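See structure below.
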Amino acid sequence: MANFFTDNDDLSFYLEKGVDWAQLAEVTEHGFTREEGFKNVAEAAAFYKDVLTMVGELSAKELAPSTAAIDKEGVHVEKGEAVIGPAFQKAFGALTQADLHRLCVPRELGGLNAPLLVYFISCEVLGRGDIPVMAHYSFHSGMAMAMVMFSLKEGSTEVDASGRITKTRFAKAIEEISSGAAWGCMDITEPNAGSDMAALRTKAEQAKDGSWTVTGQKIFITSGHGKYHFVIARTEEAKNPSDPLSGLAGLSMFLVKTYDDLPDGTRKRYVTLERTEEKLGQHGSVTAALDFDHAPAELIGKRGDGFPLMLVLMNNARIGVGFESLAVAESAYRLAAAYAEERTSMGKPIARHELIADLLEEMRTDIQGIRALAMAAGFHEEMATKKSLDVFGGKAHGEASKEVRHHRHVARRYTPLLKYLASEKAVEIARRGMQIHGGVGYTKEYGAEKLMRDALVLPIYEGTSQIQALMAMKDTLVGILKRPKDFVTRIGQARWRAMSSLDPLERRVAKLTSLSLSAQQYLLTRTAAVKLKTLTDLPVASWKDVMTRSWDPKRDFALAMLHAERLTRLLADEAVAEELLSQARRFPERKELLERWLERAEVRARALHDEITTTGDRLLATLAEKGEAKASGA
Ligand SMILES: Cc1cc2nc3c(=O)[nH]c(=O)nc-3n(C[C@H](O)[C@H](O)[C@H](O)COP(=O)(O)OP(=O)(O)OC[C@H]3O[C@@H](n4cnc5c(N)ncnc54)[C@H](O)[C@@H]3O)c2cc1C
């Protein structure tokens with residue numbers, strides 16, 4: 001019987017040995033001390049494998065056969081409610097029946113207590129069956145976990161001496177979501193504010209009795225026909241446009257219940273579902289526009305905490321898009337590889353034509369490289385979160401512990417690289433998949449065009465590729481400015497390893513790292529040179545301060561911003577190579593993958609380095625001229 005988990009050797013590698021499940025299970029299972037939990041790593045790992053094997057079968061049997069019908073039936077609005085087609089309902093019903101919405105919810109809240117990484121892998125496996133079903137699935141267990149995290153962060157969850165949750169603010173909603181009767185969603189985007197969150201205008205007002213209401217319009221809300229909405233709204237009045245409260249600091253997070261189902265079978269709505277968007281792809285997924293008119297709301301955390309709270313959700317959501325992208329890419333690759341074996345041209349299967357063989361091999365290599373990055377990002381994000389909270393069996397050292405800081409650092413470095421690389425590659429691989437199908441790729445017969453349509457939104461939602469690139473660039477360069485000595489040490493170490501390592505693969509990875517560091521050094525040197533020029537108008541006493549402290553990425557990093565996507569691709573190639581090298585050292589059978597990755601990444605890295613160090617000045621000069629002309633009113 002077809003199984004989308006067990007038919008994937010690369011995924012099996014991660015379940016068998018590629019992920020340190022001992023660490024993850026230890027912290028998730030509270031050191032294996034609980035009566036109701038697993039007793040050791042072997043028991044826990046066997047459960048994770050059983051779940052994923054079941055998900056793999058379900059995806060192949062219930063989702064994949066319905067995917068074309070789900071795409072065709074789409075969704076629409078009737079009498080103010082979203083109408084979902086029967087094919088979607090049937091496929092999604094199979095997930096609910098399998099009790100999958102409880103997957104990572106803590107046991108004391110009625111959940112199965114699996115690690116989030118198991119949930120992320122389940123997303124990839126389900127996405128291979130159907131992307132909209134997987135997208136809707138991610139607004140269940142993931143949102144219930146967000147509720148747990150928010151209540152822990154605001155301190156409203158009570159735990160006993162052993163760290164068991166005894167009382168939590170959102171218990172009722174968590175149970176509704178776990179049972180599949182409700183789901184959550186994330187309401188950030190507005191008509192005039194997408195990437196620019198500081199421009200959000202939806203307003204929250206507090207009445208004299210302390211209660212809150214939210215008023216405004218939110219658009220593009222995935223699974224926005226749901227009951228529980230995490231809404232970002234403005235609560236603080238700014239004194240003037242330069243007051244930080246006019247930007248991100250003035251935002252707060254609210255839980256808005258959009259409706260109640262009454263005992264008489266009718267629904268009482270507090271928020272209007274205006275429309276569902278007609279989209280290029282992901283037709284089975286509801287993308288809603290909502291109108292909030294003094295909708296009752298509950299503040300989460302403190303006033304002004306909206307942006308940091310949203311990041312808790314967003315970091316995991318971005319890793320989620322990494323796994324979703326892998327699902328699309330894996331489907332597209334497999335479809336194309338199978339077609340290329342079956343279709344003959346000029347006397348042989350097209351898979352034997354050098355050009356097509358090259359395309360297919362690159363697709364497979366990219367998928368495996370990205371999966372290494374996705375597993376590492378998911379692992380470190382989860383370890384950082386759980387190790388910082390005693391309720392998850394961490395040692396309650398909080399963010400300050402060295403271990404937590406290490407996991408946090410890697411997760412922060414890898415997350416934008418993953419979101420960028422995985423989503424961009426999913427589009428590229430889906431397009432190649434279509435191309436390999438020739439004329440039938442452009443028809444609906446094989447499903448290749450559907451994957452292309454489903455893929456195209458991946459570099460847009462949860463922060464566009466450009467926003468990921470800006471974040472990765474800013475974190476990298478500001479990190480160097482904060483710790484210049486570390487940077488110099490890293491340059492020295494990479495050069496030394498590139499020359500003297502006994503392992504030829506390590507020498508090649510070190511050369512790639514050297515190229516990346518050289519591009520970073522170039523961008524910083526050029527940026528510093530521009531900054532130095534500004535010193536001439538300032539008193540000498542302030543020079544040190546300006547050069548060491550007062551860096552404003554928006555003002556000072558023009559060249560780096562221009563090259564942010566190129567730098568991000570270089571950083572991602574470097575990160576994947578590091579991860580694959582670490583795997584190859586432990587498991588010699590992974591050397592072949594690292595070699596395949598390096599063969600292509602080395603050439604790419606040299607080209608990216610050249611582009612960064614030789615282009616951009618002409619365009620920056622033009623932009624500067626335009627800026628000056630605008631300032632002078634010309
Ligand atoms: C199918 C779908 C589902 C979605 N689901 C949700 C959801 O569940 N919840 C939610 O809140 N939102 C959701 N969104 C909204 C999505 O997150 C936004 O569309 C996205 O953040 C981009 O915002 P925007 O559309 O306003 O584009 P803009 O921000 O206007 O960007 C337009 C272009 O300019 C680029 N750009 C913007 N600023 C910069 C800059 N400073 N430097 C360089 N380039 C820049 C962008 O990368 C993009 O290419 C969804 C969108 C879609 C299409």
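Quick one: if you stick a label point 7 Å off each Cα along the C-beta vector at Arg164 and Lys203, how many nm between them?
Spacing of the two 7 Å Cα→Cβ label points: 4.8 nm.
Please compute the Cα-Cα pair-distance distribution of region 171-214 with 10 Å bins starting at 0, giving whole percents from short to long.
The percentages, shortest bin first, are 23, 25, 37, 15.
Count the net charge of all other residues whose Cβ sits under 13 Å from the Cβ of Gly37, scoring Lys and Arg as +1 and Asp and Glu as -1.
Numbers: positive: Arg34, Lys39, Arg107, Arg164; negative: Glu26, Glu29, Glu35, Glu36, Glu43, Glu108.
Summing Lys and Arg as +1 and Asp and Glu as -1 gives -2.
What FRET efficiency, computed as 1/(1 + (r/R0)^6) with R0 = 45 Å and r the Cβ-Cβ distance, is obtained for Leu355 and Phe32, rounded to the nearest 0.05?
Efficiency, rounded to the nearest 0.05: 0.25.
About its Cα centre, how strong a charge dipole does region 298-348 have in debye, to the nearest 20, once Lys and Arg get +1 and Asp and Glu get -1 at the Cβ?
The calculated dipole for region 298-348 is roughly 120 debye.
Could you please report the charge total around Gln97, scoring K, R as +1 and D, E as -1 over all other residues with beta-carbon less than 15 angstrom from its beta-carbon?
Combined, the nearby Lys, Arg, Asp and Glu give 0.
Would you kindly calculate the mean projected area, averaged across all directions, of the convex hull enclosing the Cα atoms of region 92-144, in square nanometres?
3.2
By Kyte-Doolittle mean hydropathy of at least 0.5 and Cα axial length of at least 15 Å, which whole DSSP H helices of the chain are selected?
Qualifying helices: 41-58, 116-129, 141-154, 306-342, 465-482.
Taking a ≥ b ≥ c as the square roots of the eigenvalues of the Cα gyration tensor of region 96-209, is the shape rounded (a/c under 1.5), prolate (a/b larger than b/c) or oblate?
Here region 96-209 falls in the oblate category.
Cut-off under 29 Å on the C-alpha distance; same-chain residues fewer than 8 positions from Lys533 excluded. Which lysines are left, in chain and number order?
Leaving aside lysines fewer than 8 places away in the same chain, those within reach of Lys533 are Lys474, Lys482, Lys485, Lys544, Lys554, Lys626, Lys630.
Given the peptides 156-162, 473-479, 59-65, arrange them by the average over their residues of other C-beta atoms within 10 Å, most packed first.
59-65, 473-479, 156-162
Could you sort out which of Lys387/Lys419; Lys227/Lys302; Lys39/Lys402; Lys203/Lys268; Lys61/Lys425; Lys39/Lys386 sit more than 21 Å apart by Cα distance in this structure? Kindly include the intermediate steps, with their values, before the conclusion.
Working: Lys387/Lys419 24 Å; Lys227/Lys302 23 Å; Lys39/Lys402 28 Å; Lys203/Lys268 23 Å; Lys61/Lys425 27 Å; Lys39/Lys386 19 Å.
Checking Cα-Cα distances, Lys387/Lys419; Lys227/Lys302; Lys39/Lys402; Lys203/Lys268; Lys61/Lys425 exceed 21 Å.
Normalised by the number of residues in region 1-148, what is the relative contact order in percent for Cα pairs under 8 Å and 6+ residues apart?
Computed over region 1-148, the figure is 26 percent.
If you split all Cα-Cα distances of region 348-470 into 5 Å bins from zero, what percentages do you get per bin, shortest first?
Once binned at 5 Å, the Cα pair distances of region 348-470 give 2, 11, 14, 15, 15, 12, 10, 7, 5, 4, 3, 1, 0.
In what order do Asp366, Asp610 fall by count of nearby beta-carbon atoms within 10 Å, going from fewest to most? Provide the component values of the computation, followed by the final result.
Working: Asp366 23, Asp610 13.
Fewest-to-most ranking of Asp366, Asp610: Asp610, Asp366.
At 1.306 mPa s and 10 °C, plugging the Kirkwood radius over alpha-carbon pairs of region 295-376 into Stokes-Einstein gives what diffusion coefficient in µm²/s?
The calculation lands on 99 µm²/s.
Classify region 257-310 from the C-alpha gyration tensor, please: rounded if a/c falls under 1.5, else prolate or oblate depending on whether a/b exceeds b/c.
Judged from the Cα gyration tensor, region 257-310 comes out oblate (a/c at least 1.5, b/c at or above a/b).
Taking N as the number of residues in region 251-393, what is its Cα Rg relative to 2.2 N^0.38 Å?
This ratio for region 251-393 stands at 1.60.
Write down Rg/Rh for region 492-634, rounded to two decimals, with Rg from the C-alpha atoms and Rh from the Kirkwood relation over Cα pairs.
Reported Rg/Rh, Kirkwood definition of Rh: 1.12.
Round to the nearest 0.05 the FRET efficiency obtained for Lys544 and Glu589 when R0 = 60 Å and r is the Cβ-Cβ distance.
Details: r = 53 Å, r/R0 = 0.89.
Efficiency, from the Cβ-Cβ distance: 0.65.
So what is the relative contact order of the chain, in percent, for Cα pairs below 8 Å that sit 6 or more residues apart?
Worked out over the chain, it gives 11 percent.
Using a cut-off of 18 Å between alpha-carbon atoms, which aspartates and glutamates can reach Lys208, once sequence neighbours fewer than 8 places away in the same chain are excluded?
Glu236, Glu237, Glu298
Give the shape of the chain as rounded, prolate or oblate, defined through the alpha-carbon gyration tensor: a ≥ b ≥ c are the square roots of its eigenvalues, a/c under 1.5 means rounded, and otherwise the shape is prolate if a/b is larger than b/c and oblate if not.
It comes out rounded by the Cα gyration axes.
Principal axes first, then extents: for the Cα atoms of region 214-304, list largest minus smallest coordinate on each axis, whole Å, largest first.
Principal-axis extents of region 214-304 (Cα, largest first): 46, 38, 20 Å.
Taking the Cβ of Leu262 as the center, what net charge do the other residues with Cβ under 14 Å away carry, scoring Lys and Arg +1 and Asp and Glu -1?
Net of charged neighbours comes to +2.
Counting only helical runs of four or more DSSP H residues, what would the 222 nm mean residue ellipticity of the chain come to if each run contributes -39,500 (n - 2.57) and the total is spread over all its residues?
Helix contribution divided over all residues of the chain: -18500 deg cm²/dmol.
Please get the size of the charge dipole for region 142-247, origin at its Cα centre, with Cβ charges of +1 on Lys and Arg and -1 on Asp and Glu, quoted in debye to the nearest 20.
120
Throughout, read-outs are computed from the coordinates displayed, never taken from laboratory work. Because the structure is predicted, anything quoted here is derived from the model rather than measured. Glycine also receives a Cβ, built like all others from the backbone with ideal geometry; neighbour counts cover every protein chain displayed.
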